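Trainee: One structure, as structure tokens, below. Some questions next.
The values are calculated or read from the model by the stated rules, or taken from the named source; none is laboratory data. Remember, it's a predicted structure, so these values are computed and weren't measured experimentally. We place every Cβ from the backbone using ideal geometry, glycine too, and count neighbours over all the protein chains shown. Areas reflect the complete protein model, heavy atoms only, side chains present, ligands, DNA and RNA absent. Shrake-Rupley method; radii C 1.70, N 1.55, O 1.52, S 1.80 Å.
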Amino acid sequence: AASAIEDEPLSLSTTQHTFDAQFHPREPLLAAATITGAVELHRFDLSEKTSELVRSLECHKESCRAARFLVGGSSGSKEAAAPRLATASASCFTAVTDIESGKKLWKAKLRAAGNTLIALDEQRFAVGDDDGGVALYDVRQKKAAVCYEENSDFISDFARGKDEHTLCATSGDGTLAVYDLRKSGTKGLVAMSDFQDDEYLSLDIVRNGTKVVCGSQTGPLAIFSWGDFGDLKDRVRGHPMSVDALIKISEDGILTGSSDGKVRVVSIYSKELGNAVLGICADHGEYPIEQLTLSPCEEYFASVSHEQPAVRIWSLGMARRFLAGEVPGQAGAKEQDEGEPDSDDSDDSDAPKGKKKQPKKRRKKGGAIVGSGKTHAQRQAASSFFGGL
């Protein structure tokens with residue numbers, strides 16, 4: 001199937017502006033979260049390069065910003081046979097919907113508009129909101145099981161640690177926060193990075209759980225070492241605009257989606273290639289990439305953007321050839337800058353600057369004072385939590 005879209009992507013048009021997308025875990029279906037609050041289910045055929053809208057789920061009354069399938073259990077369980085869809089909306093609600101019947105099975109009120117969501121298993125998921133809150137939900141309960149309020153600006157992305165009970169979150173306040181999902185409130189904050197003069201918009205964890213990579217508003221990727229989250233350890237330059245989406249495709253390789261509409265292949269601590277932007281493997285168009293999502297078989301991926309077709313499905317063949325060193329690298333950067341970069345390294349160049357990415361809505365930022373009071377002290381203590389590991 002991957003070779004069928006090796007040269008040209010499968011283009012999939014949605015009926016409305018799309019914020020997020022995810023592949024069904026077992027069927028050739030893609031869920032697209034739209035600005036109307038509906039999630040469209042599109043069936044696609046890679047060999048024929050065709051797609052069809054098969055169902056529209058009315059999940060929310062306002063824009064649906066994030067949608068993820070809740071998957072788990074044994075192959076014979078109900079959850080495995082019919083995964084449900086968890087969503088978060090600008091209407092300050094999160095919900096779980098049966099994708100076969102379209103029935104809303106569960107919903108809960110959020111403290112603020114939802115901006116990002118990560119599925120943990122068939123019953124649990126976490127939502128990050130516009131005000132910096134993180135809430136863990138269990139659909140067997142009516143209210144949030146765990147809540148965190150350590151960030152002062154929108155939560156942009158999540159990634160789960162290798163131990164499965166640690167959750168990393170990036171924020172528009174310029175920090176990477178690490179939470180222990182087994183603990184609530186301030187006790188759950190394991191670590192928080194120093195504030196950066198930037199916004200972190202995306203992240204993933206690579207190198208067998210030892211490196212956390214964050215995409216930034218100004219373009220450079222920030223790399224943190226697991227267990228030492230106080231300050232970034234390396235930067236990878238080569239993106240002319242913001243890195244709004246990021247997914248891992250191997251332990252030493254990621255794809256990045258940028259505001260220039262291009263998807264790039266980046267090597268991370270590769271033995272042969274080091275840290276470098278290797279080249280462009282997909283060009284969605286002139287509008288920013290909203291999201292990247294990897295297929296369950298890991299043979300293709302989808303990019304989401306503002307224009308129509310809103311979703312394009314691409315083969316991973318080109319990206320894997322870049323990582324194998326079979327394609328000459330394009331303009332990238334192999335330098336690995338230790339510690340806080342000098343001010344003249346902060347992308348103050350002639351490279352075009354992307355539009356500042358907001359949390360998928362027009363909103364007023366709160367007047368929270370960053371880095372003040374008790375939270376700052378907790379952050380300093382937490383940043384060295386793993387120091388001896």
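Trainee: Among the residues of the stretch 67-90, which ones are among the aliphatic types (A, V, I, L, M), in a loop (DSSP other than H, G, I, E, B) and either at pLDDT 95 or above or open to solvent by 50 Å² or more (accessible area, probe 1.4 Å) (or both)?
Mentor: Of everything in the stretch 67-90, those that are among the aliphatic types (A, V, I, L, M), in a loop (DSSP other than H, G, I, E, B) and either at pLDDT 95 or above or open to solvent by 50 Å² or more (accessible area, probe 1.4 Å) (or both) turn out to be Val71, Ala90.
Trainee: Among the residues of the stretch 19-46, how many are β-branched (Val, Ile, Thr), surrounded by fewer than 19 Cβ atoms within 10 Å (Cβ to Cβ) and within 17 Å of Glu100 (Cβ to Cβ)?
Mentor: Summing the residues that are β-branched (Val, Ile, Thr), surrounded by fewer than 19 Cβ atoms within 10 Å (Cβ to Cβ) and within 17 Å of Glu100 (Cβ to Cβ) in the stretch 19-46 gives 0.
Trainee: With the checklist (1) under 25 Å from Trp314 (Cα atoms); (2) in contact (Cβ under 8 Å) with a residue 40 or more places away in the chain; (3) open to solvent by 40 Å² or more (accessible area, probe 1.4 Å) in hand, flag the one item Ser259 doesn't pass.
Mentor: Only one criterion in (1) under 25 Å from Trp314 (Cα atoms); (2) in contact (Cβ under 8 Å) with a residue 40 or more places away in the chain; (3) open to solvent by 40 Å² or more (accessible area, probe 1.4 Å) is unmet by Ser259, namely (3).
Yes/no per residue for (1) under 13 Å from Phe224 (Cβ atoms); (2) under 16 Å from the mean Cα position of the chain (by Cα):
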residue: Lys162; (1), (2): no, no
residue: Cys168; (1), (2): yes, yes
residue: Thr186; (1), (2): no, no
residue: Glu199; (1), (2): no, yes
residue: Val206; (1), (2): yes, yes
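Trainee: Something else: Which count do you get for residues in the stretch 279-309 that are open to solvent by 20 Å² or more (accessible area, probe 1.4 Å), in a strand (DSSP E or B) and touching an Asp or Glu at 6+ places or on another chain (Cβ under 6 Å)?
Mentor: 1
Trainee: OK, next. Check Tyr200, Tyr179 and return the single one that is more than 23 Å from Ile268 (Cα to Cα), among the aromatic types (Phe, Trp, Tyr) and touching a Gly at 6+ places or on another chain (Cβ under 9 Å).
Mentor: Only one candidate qualifies: Tyr179.
Trainee: Among Lys233, Lys248, which is the only one that is charged (D, E, K, R), within 28 Å of Ser295 (Cβ to Cβ) and either modelled with pLDDT under 95 or open to solvent by 10 Å² or more (accessible area, probe 1.4 Å) (or both)?
Mentor: Values: Lys233 fails: within 28 Å of Ser295 (Cβ to Cβ).
Every option except Lys248 fails the conditions.
Trainee: In the stretch 95-113, which residue that is β-branched (Val, Ile, Thr) and not in a loop (DSSP other than H, G, I, E, B) is surrounded by the most Cβ atoms within 10 Å (Cβ to Cβ)? Give the derivation first.
Mentor: First, the residues of the stretch 95-113 that are β-branched (Val, Ile, Thr): 96-97, 99.
Retained after the next criterion (residues that are not in a loop (DSSP other than H, G, I, E, B)): 96-97.
Values: Val96: 19, Thr97: 23.
Among those residues, the one meeting the criterion is Thr97.
Trainee: Can you spot a residue in the stretch 238-252 that is under 26 Å from Val190 (Cα atoms) and assigned to a loop (DSSP other than H, G, I, E, B)?
Mentor: Looking for residues that are under 26 Å from Val190 (Cα atoms) and assigned to a loop (DSSP other than H, G, I, E, B), one finds at least one in the stretch 238-252, hence yes.
Trainee: Let me ask something else about it. Does Arg312 satisfy the criteria of being touching a residue at least 24 places away in the same chain (Cβ under 8 Å) and either outside any strand (DSSP E or B) or open to solvent by 30 Å² or more (accessible area, probe 1.4 Å) (or both)?
Mentor: Against the criterion (touching a residue at least 24 places away in the same chain (Cβ under 8 Å) and either outside any strand (DSSP E or B) or open to solvent by 30 Å² or more (accessible area, probe 1.4 Å) (or both)), Arg312 qualifies.
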